[in-house]
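The values are calculated or read from the model by the stated rules, or taken from the named source; none is laboratory data. This one's a predicted model, so the numbers in the text were calculated from it and none came from an experiment. Quick reminder, even Gly has a Cβ in these numbers, built from the backbone with ideal geometry, and neighbours come from all protein chains shown. In case anyone asks, the SASA skips ligands and DNA or RNA and just uses the protein heavy atoms, side chains included. Shrake-Rupley method; radii C 1.70, N 1.55, O 1.52, S 1.80 Å.
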Amino acid sequence: MLIRNCWYVAGWSHQFEAGKPTQRMLLGEPVVIWRTQEGAVVAMEDRCVHRLAPLSLGRVEGNAIRCLYHGLLFDADGRCREIPGQDAIPASACVRTYPAVERNNWIWVWMGDPDRADPSRIAPSKALDDPAWVLKTGELHYRAHYSLINDNLLDLTHLAYVHAASFGADEAWSRNRPRVEPIAEGVRSSRWIVGTPPTPPLGKAAEHERVDIWTSYDFVLPGVFLLYSALFPTGSAEAFGYEAPPAQAPSLFANFTSQAVTPTSESTTSYYFSWGPAAEHGDEAMAQAMIDVAIMAFNEDKTMIEAQQRIIDTDPGRRVMPTSADKAITLFTRLMQSQDG
Ligand code: FES
Ligand SMILES: [Fe+2]
């Protein structure tokens, strides 16, 4: 099932250039995204009302887009303004539009009821020019239902097994359970991993044999993963009462990642992400090294999840057997499904 009443990431801002209408599949529907003269993004059904040709093969003319099959011209609100060789324009000559917002280098499209599109509900991902972070980007495209990718991000016990070669995660990731709590638009999962050997990149942790690692992420509608992780000297977790470290507590190293899961159809999903160190701990070269490892790790996820999807497809009715690590998945799935209620 695909959920309509959500803001979905359609891609990176730079992928939608002025004068270049671009097609994206969102929830199985062709959407054309283009920019007005002022640079505002417009999202429309990528289907001309005349003979159903894609408008993404059309031409932007000022604040309108012309279908380059037989030349019908549509305003940014979807209304047809011109039919070459015909004076009367029928009221039905209107292409569906979708609310679209450009924020923090992502283009967000609302696929549901336009009256419910509230931009204040867009997930607070980090902008690429946020001075506190040095961020690099990437994307992957899956042959899998989006919920399998959401489930993967909601249960990081897989780190010790799927990502042993990339992130080098300790088995503590699967033995300890994070604290999972509902938040306004999703689920928060946080935990300390105490007295563990640090894995690169290290920042100031290079001089420490063992560290305490604080990891906290919000997984918010419709599949946006916002993770902060920081290394502290051993003893810090206890000193902070195993709660979140105070904002002013100096860390040895810190990093942030924003990731977005977008169903492109019932069986395919796009995945956009940025990652990098805090500006005080790392530079462009470190950010590049981190995104390279992340891309390796996300391909490990992709191999597992696509293989999982192929097994599921052989017997789609087969039920899963939840474990105690699935609490966040259960909470989030319920929240997601309530959006179209
Ligand atoms: S299909 Fe678009 S103008 Fe004919
Ligand atoms: Fe993973």
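Taking only pairs six or more apart or across chains, which ones have beta-carbon atoms under 8 Å, a first residue in the stretch 292-311 that is under 17 Å from residue 155 (Cβ atoms), and a second residue that is within 16 Å of ligand 1 (Cβ to nearest atom) and assigned to a helix (DSSP H, G or I)?
Filtered contacts from the stretch 292-311: no entries.
Restricting the stretch 190-221 to residues that are open to solvent by 20 Å² or more (accessible area, probe 1.4 Å) and in contact with a helix residue (DSSP H, G or I) (Cβ under 6 Å, 6 or more places away or on another chain), which is farthest from residue 9 (Cα to Cα)?
Result: 194.
From the residues in the stretch 91-116 that are out of contact with any Leu (no Cβ under 9 Å at 6 or more places or on another chain) and among the hydroxyl-bearing types (Ser, Thr, Tyr), which one is surrounded by the most Cβ atoms within 10 Å (Cβ to Cβ)?
Only one residue tops the list, namely 97.
Report yes if some residue within the stretch 278-298 is closer than 30 Å to residue 205 by Cα, of a type in the set (Asp, Glu) and part of a helix (DSSP H, G or I); otherwise report no.
yes
Quickly run through the stretch 30-77 and pick out the residues that are touching a Phe, Trp or Tyr at 6+ places or on another chain (Cβ under 6 Å) and assigned to a loop (DSSP other than H, G, I, E, B).
Across the stretch 30-77, the qualifying residue is only 53.
Given (1) farther than 19 Å from residue 187 by Cα; (2) open to solvent by 60 Å² or more (accessible area, probe 1.4 Å), where does residue 330 come up short, assuming only one miss?
Here residue 330 clears every test but (1).
Conditions: (1) outside any strand (DSSP E or B); (2) among the hydrophobic types (A, V, I, L, M, F, W, C); (3) open to solvent by 10 Å² or more (accessible area, probe 1.4 Å); (4) farther than 30 Å from residue 136 by Cβ. Residue 80 meets all but one. Number of the miss?
Result: residue 80 fails condition (1) only.
From 43, 18, 53, 64, grab the single residue that is small (Gly, Ala, Ser) and under 30 Å from residue 225 (Cβ atoms).
The match here is 43.
Quick one: would you say residue 88 is open to solvent by 40 Å² or more (accessible area, probe 1.4 Å) and not in a strand (DSSP E or B)?
It is true that residue 88 is open to solvent by 40 Å² or more (accessible area, probe 1.4 Å) and not in a strand (DSSP E or B).
Could you please find all residues in the stretch 294-327 being at pLDDT below 95 and either among the aliphatic types (A, V, I, L, M) or surrounded by 15 or more Cβ atoms within 10 Å (Cβ to Cβ) (or both)?
320, 321, 325, 326, 327
I need a count of the residues in the stretch 112-164 that are within 16 Å of ligand 2 (Cβ to nearest atom), in contact with a helix residue (DSSP H, G or I) (Cβ under 8 Å, 6 or more places away or on another chain) and of a type outside the set (A, V, I, L, M).
11
Which ones in the stretch 20-29 are part of a strand (DSSP E or B) and open to solvent by 10 Å² or more (accessible area, probe 1.4 Å)?
Hits for the stretch 20-29 are 22, 23, 24, 25, 29.
Return a yes/no flag: does the stretch 146-155 have any residue that is more than 16 Å from ligand 1 (Cβ to nearest atom), open to solvent by 60 Å² or more (accessible area, probe 1.4 Å) and touching a residue at least 24 places away in the same chain (Cβ under 8 Å).
No.
Could you figure out which of (1) closer than 30 Å to residue 219 by Cα; (2) within 15 Å of ligand 1 (Cβ to nearest atom); (3) touching a Leu at 6+ places or on another chain (Cβ under 8 Å); (4) not β-branched (Val, Ile, Thr) isn't true of residue 67?
If we test residue 67 against (1) closer than 30 Å to residue 219 by Cα; (2) within 15 Å of ligand 1 (Cβ to nearest atom); (3) touching a Leu at 6+ places or on another chain (Cβ under 8 Å); (4) not β-branched (Val, Ile, Thr), just (1) comes out false.
Just to be sure, is residue 301 away from ligand 1 (no atom under 16 Å from the Cβ), more than 20 Å from residue 11 (Cα to Cα) and under 19 Å from the mean Cα position of the chain (by Cα)?
yes
Identify, from the list 73, 68, the residue that is over 27 Å from residue 266 (Cα atoms) and touching a helix residue (DSSP H, G or I) at 6+ places or on another chain (Cβ under 6 Å).
Just a single option satisfies the conditions, and that option is 68.
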